[in-house]
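**Q** Pasting a structure below so you can have a look.
The values are calculated or read from the model by the stated rules, or taken from the named source; none is laboratory data. In this text the structure is predicted, and so the values were computed from the model without any measurement. With ideal geometry, Cβ positions are generated from the backbone for all residues, glycine too; neighbour counts draw on all protein chains shown. To get the accessible areas, we keep the full protein, side chains included, count just its heavy atoms, and leave off ligands, DNA and RNA. Shrake-Rupley method; radii C 1.70, N 1.55, O 1.52, S 1.80 Å.
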Amino acid sequence: MAHTETSGTNRRDFLYIATGAVGAVGVAGMIWPFVSQLQPDASVLALSTTEVDLSPIQEGQIVTFMWRGKPIFVFNRLAKDVELARAVPLNQLIDPQTDQDRVKAGHDKWLVVIGICTHLGCVPLGHQGNYDGWFCPCHGSQYDSSGRVRVGPAPLNLAVPPYTFVSDSKIVIG
Amino acid sequence: MEGHSTYQPQGKIARWFESRLPIMGLMHSSAVSYPTPKNLNYWYTFGAILTMMLGVQILSGVVLAMHYTAYAPISFARVEHIMRDVSFGWLLRYIHANGASMFFIAVYIHIFRGLYYGSYKAPREVLWILGVIIYLLMMATAFMGYVLPWGQMSYWGATVITNLFSAIPVVGTVIVEWLWGGYSVGDPTLNRFFALHYLLPFMIAGVVILHIWALHHVGQNNPDGVEVKSVAKDTVPFTPYATVKDIFGMVVFLLFFSYFIFYIPNYMGHPDNYIPANPLSTPAHIVPEWYFLPFYAILRSIPDKLGGVLAMFSAIAVLAFLPWLDTSKVRSARYRPLYRQFFWIFAVVAVGLGYLGSQPAEGGFVIASRILTAYYFIHFLIILPLLGLFERPKPLPASIADAVLARNGATVVAGAAAPQTKG
Ligand code: HEM
Ligand code: FES
């Protein structure tokens, strides 16, 4: 390429920088769609609310439903399960949270949690482990009757999905 | 020591073509006249074996892809369709599934060969790092391939491994959802993994070309670890010497491979992968493919989620820094009496970690994995840097030719001293 001997800034420098800048913006603008396509698409998002009828669930029973491809545990807790969960001092918990914060007021026996171990995503087994809740077969985490982690390696309690009671025996998740 | 091409195109057309694209000369200088150290042993045939295995995986994979469909509700059935309906489909799938294991057996031998003979030391650092990149790409490819049959192990292996990224603070959960294309492993995940599983082997092929280019630029290391001093005395031309030796190595390896394909095709697999993926039930004991087990053991040995993930990735990343962690100037373990012992301890520790990765994470297994994980890092970060400073290496041979003559001379003398004592 021809080389001009002019010192200082000239028109050519300006054109180089302007062209480079437009090119960089163009490339950056094209990267976005290529990254963005990775996220959950509209058809996946469309499945994001699920209605659950609670009436067939017996006392003491845990039933699993699907919401956004994830298992949701609905636990119809006995009075003793609730008592046990509420009797634990918070300082004994790995991820301290009261049982009251994890259920809807007035529907205290219903525990609704995402059935995915917060360690690496396995589905814990119900009515197993030493805490009246769940045991994860993958690396041995244990959860109590409030879905709170009691034995690691899982760092967090089983997550509570967003849900509302539309009637006393029906909830909508999502 | 790039071999100067002695290639003379034969005939008018060849000369016409060669003066426009000198590809025959390139091939001649890299696969025919290229000088190879004359002391190479059979551990040096694994490079050729790996190249062959990449070819086998690409060939069998492309043919499998003609019969496979990446769609979650039917992928499991499509693989069974390959097994039962497609003519020789069982053979193609067993070649591909066992081929992945063979590929890893060969790469582990190849890596340990490099560790033993100090092949990562100057001027081969870039060559070595390209090898580490190939190894990473192989792991990614094999992981995504294992998801394709959409069995229980496919599904839960994918779940556990993708969830590793959720350990990243703040952005972890978002990254994992973007990997999945949903809120759990599902059809979008399967589709993108298939696309990438098809792509990555070709990227591996590209890096292999760079790897061989770097190799031919700096020259091969050899079991004595001394550089070639005289091409005439220390080397032999690649063809026929290395070519024939490599082909012999490949044939023996193929026999071993065939035994698996035809007699124990599911030996390396996990029976749970013949159960279709079920997002609601995790198998009681999930394990990754055998070639990931040492890293899986390291992951589980750390009781903290982020810590475990970091330890696992560091265990691989540390390999890339090896050229600078090993402070000894002497390459081959043949002349490093202490390193040689630590090499074998390390090999036992690596295999031990593999065994622990296959066992449930409880009791004594956890303690053992912690000890071995600690040793794994101590080997690279403490022993290797210090060893170079304190070890007294044995005297190095003056040249490859001297080393070869000394050894063969010694056997001649020993033979003369004790004639016909066998039997
Ligand atoms: C680096 C090379 C490769 C490795 C290590 C590799 C590894 C694997 C593994 C471990 C599986 C699972 C096998 C099973 O358990 O059934 C698999 C499946 C598959 N691979 Fe590959 N692969 C490679 C290259 C390719 C290529 C180039 C293609 C071409 C498209 C391909 C296409 C497939 C298909 C269609 C399947 C699903 C069918 C099946 O499961 O048998 N692979 N691969
Ligand atoms: S996934 Fe549950 S303990 Fe690891």
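**Q** If you check every pair at least six apart or on different chains, which have Cβ atoms under 6 Å apart with a residue in the range B:8-29 that is within 29 Å of B:VAL236 (Cβ to Cβ) first and a residue that is open to solvent by less than 70 Å² (accessible area, probe 1.4 Å) and not in a loop (DSSP other than H, G, I, E, B) second?
**A** Going by the 6 Å Cβ cut-off, the qualifying pairs are B:PRO9/B:GLU18; B:MET24/B:GLU18.
**Q** Just checking: which of the strands (runs of 3 or more DSSP E) contained wholly in the range A:34-90 hold 2 or more residues that are closer than 16 Å to A:GLY174 by Cα, touching a residue at least 40 places away in the same chain (Cβ under 8 Å) and away from chain B (no Cβ under 12 Å)?
**A** Values: elements: A:50-53, A:62-67, A:70-76.
The qualifying strands (runs of 3 or more DSSP E) are A:50-53.
**Q** Out of everything in the range A:104-127 that is more than 9 Å from chain B (Cβ to nearest Cβ) and outside any loop (DSSP other than H, G, I, E, B), what residue ends up being farthest from ligand 1 (Cβ to nearest atom)? Talk me through it step by step, then tell me what you get.
**A** Of the residues in the range A:104-127, the ones more than 9 Å from chain B (Cβ to nearest Cβ) are A:104-114, A:126-127.
Imposing the further condition that a residue be outside any loop (DSSP other than H, G, I, E, B) reduces the set to A:110-114, A:126-127.
Working: A:TRP110: 42, A:LEU111: 38, A:VAL112: 37, A:VAL113: 33, A:ILE114: 30, A:GLY126: 31, A:HIS127: 34 Å.
Looking at the filtered set, the residue picked out is A:TRP110.
**Q** Taking B:PHE194, is it more than 21 Å from the chain's Cα centre (by Cα), within 16 Å of ligand 1 (Cβ to nearest atom), crowded, with 16+ Cβ neighbours inside 10 Å and over 30 Å from A:LEU156 (Cβ atoms)?
**A** Values: more than 21 Å from the chain's Cα centre (by Cα): yes; within 16 Å of ligand 1 (Cβ to nearest atom): yes; crowded, with 16+ Cβ neighbours inside 10 Å: yes; over 30 Å from A:LEU156 (Cβ atoms): yes.
When the stated conditions are applied, B:PHE194 passes them.
**Q** Still on this structure, please answer the following. Just for helices (runs of 4 or more DSSP H) wholly inside the range B:1-77: which have at least 3 residues that are closer than 30 Å to B:GLY89 by Cβ? Before you say what the answer is, go through the steps one by one.
**A** Details: elements: B:12-18, B:23-31, B:46-65.
Once the helices (runs of 4 or more DSSP H) in the range B:1-77 are filtered for at least 3 residues that are closer than 30 Å to B:GLY89 by Cβ, what remains is B:46-65.
**Q** If you don't mind, there's one more thing I want to ask. In the range A:128-142, what residues are within 12 Å of ligand 2 (Cβ to nearest atom) and either more than 14 Å from chain B (Cβ to nearest Cβ) or part of a loop (DSSP other than H, G, I, E, B) (or both)?
**A** The first filter runs over the range A:128-142 and keeps only residues within 12 Å of ligand 2 (Cβ to nearest atom), leaving A:129, A:134-142.
Passing the criteria: A:GLY129, A:CYS136, A:PRO137, A:CYS138, A:HIS139, A:GLY140, A:SER141.
**Q** Run down A:LEU125, A:LEU120 and say which single residue is without any contact (Cβ under 8 Å) to a residue 40 or more places away in the chain, within 15 Å of ligand 2 (Cβ to nearest atom) and open to solvent by 50 Å² or more (accessible area, probe 1.4 Å). Give the steps one after another, and end with the answer.
**A** Values: A:LEU120 fails: open to solvent by 50 Å² or more (accessible area, probe 1.4 Å).
After applying the criteria, what remains is A:LEU125.
**Q** Just wondering, is there one or more residues in the range B:113-133 that are more than 30 Å from B:VAL228 (Cα to Cα), open to solvent by 40 Å² or more (accessible area, probe 1.4 Å) and in a helix (DSSP H, G or I)? Give the derivation first.
**A** Initially, the range B:113-133 is screened for residues more than 30 Å from B:VAL228 (Cα to Cα), giving none.
Among the residues of the range B:113-133, not one is more than 30 Å from B:VAL228 (Cα to Cα), open to solvent by 40 Å² or more (accessible area, probe 1.4 Å) and in a helix (DSSP H, G or I), which makes the answer no.
**Q** Ok, one more. So how many residues does the range B:190-232 have that are in contact (Cβ under 8 Å) with a residue 24 or more places away in the chain and part of a loop (DSSP other than H, G, I, E, B)?
**A** 11
**Q** Can you tell me which of B:GLY157, B:GLY172, B:GLY181 is within 14 Å of another protein chain (Cβ to nearest Cβ), closer than 26 Å to A:THR118 by Cα, buried (at least 18 other Cβ atoms within 10 Å of the Cβ) and within 16 Å of ligand 2 (Cβ to nearest atom)? If you could, list the steps in order and put the result at the bottom.
**A** On the way: B:GLY172 fails: buried (at least 18 other Cβ atoms within 10 Å of the Cβ); B:GLY181 fails: within 16 Å of ligand 2 (Cβ to nearest atom).
On inspection, the qualifying residue turns out to be B:GLY157.
**Q** While we're looking at this one, here's another question. B:GLU227 versus (1) at pLDDT below 95; (2) open to solvent by 20 Å² or more (accessible area, probe 1.4 Å); (3) within 14 Å of another protein chain (Cβ to nearest Cβ): which is the lone unmet condition?
**A** Only one criterion is unmet by B:GLU227, namely (3).
**Q** Among the numbered criteria (1) open to solvent by less than 20 Å² (accessible area, probe 1.4 Å); (2) at pLDDT below 95; (3) among the aromatic types (Phe, Trp, Tyr), which one does B:PHE253 miss?
**A** So the condition that B:PHE253 fails would be (2).
**Q** To continue, here is another question. Return the only residue of A:ASP95, A:ASP108 being closer than 28 Å to B:VAL176 by Cα, of a type in the set (D, E, K, R) and away from ligand 2 (no atom under 13 Å from the Cβ).
**A** Details: A:ASP108 fails: closer than 28 Å to B:VAL176 by Cα.
Just a single option satisfies the conditions, and that option is A:ASP95.
**Q** Against the condition buried (at least 16 other Cβ atoms within 10 Å of the Cβ), within 14 Å of another protein chain (Cβ to nearest Cβ) and away from ligand 2 (no atom under 16 Å from the Cβ), how does B:ALA72 come out, does it pass? Don't jump to the end; show me each part of the working.
**A** Details: buried (at least 16 other Cβ atoms within 10 Å of the Cβ): yes; within 14 Å of another protein chain (Cβ to nearest Cβ): yes; away from ligand 2 (no atom under 16 Å from the Cβ): yes.
Criteria met by B:ALA72.
**Q** Here is a follow-up. Identify, please: which residue in the range A:143-174 is among the polar types (S, T, N, Q) and in a loop (DSSP other than H, G, I, E, B) and is, among those, nearest to ligand 1 (Cβ to nearest atom)? Write out each step before concluding.
**A** At the first step, the residues of the range A:143-174 found to be among the polar types (S, T, N, Q) are A:145-146, A:157, A:164, A:167, A:169.
Keeping just the survivors that are in a loop (DSSP other than H, G, I, E, B) gives A:145-146, A:157, A:169.
Numbers: A:SER145: 39, A:SER146: 40, A:ASN157: 35, A:SER169: 45 Å.
Among those residues, the one meeting the criterion is A:ASN157.
**Q** While we're here: Can you give me the number of residues within the range B:281-313 that are open to solvent by 50 Å² or more (accessible area, probe 1.4 Å) and part of a helix (DSSP H, G or I)?
**A** Result for the range B:281-313: 4.
**Q** If A:PRO162 passes every condition in (1) within 14 Å of chain B (Cβ to nearest Cβ); (2) within 30 Å of B:MET153 (Cβ to Cβ) but one, which one does it miss?
**A** Here A:PRO162 meets the rest and fails (2).
**Q** May I ask you to verify whether A:PRO155 is within 16 Å of ligand 2 (Cβ to nearest atom) and surrounded by fewer than 19 Cβ atoms within 10 Å (Cβ to Cβ)?
**A** Working: within 16 Å of ligand 2 (Cβ to nearest atom): yes; surrounded by fewer than 19 Cβ atoms within 10 Å (Cβ to Cβ): yes.
Here the answer is yes, as A:PRO155 does meet what is asked.
**Q** Within the group B:ILE275, B:ILE261, which residue is within 15 Å of ligand 1 (Cβ to nearest atom), closer than 18 Å to B:ALA97 by Cβ and open to solvent by 20 Å² or more (accessible area, probe 1.4 Å)?
**A** Details: B:ILE261 fails: open to solvent by 20 Å² or more (accessible area, probe 1.4 Å).
Answer to the selection: B:ILE275.
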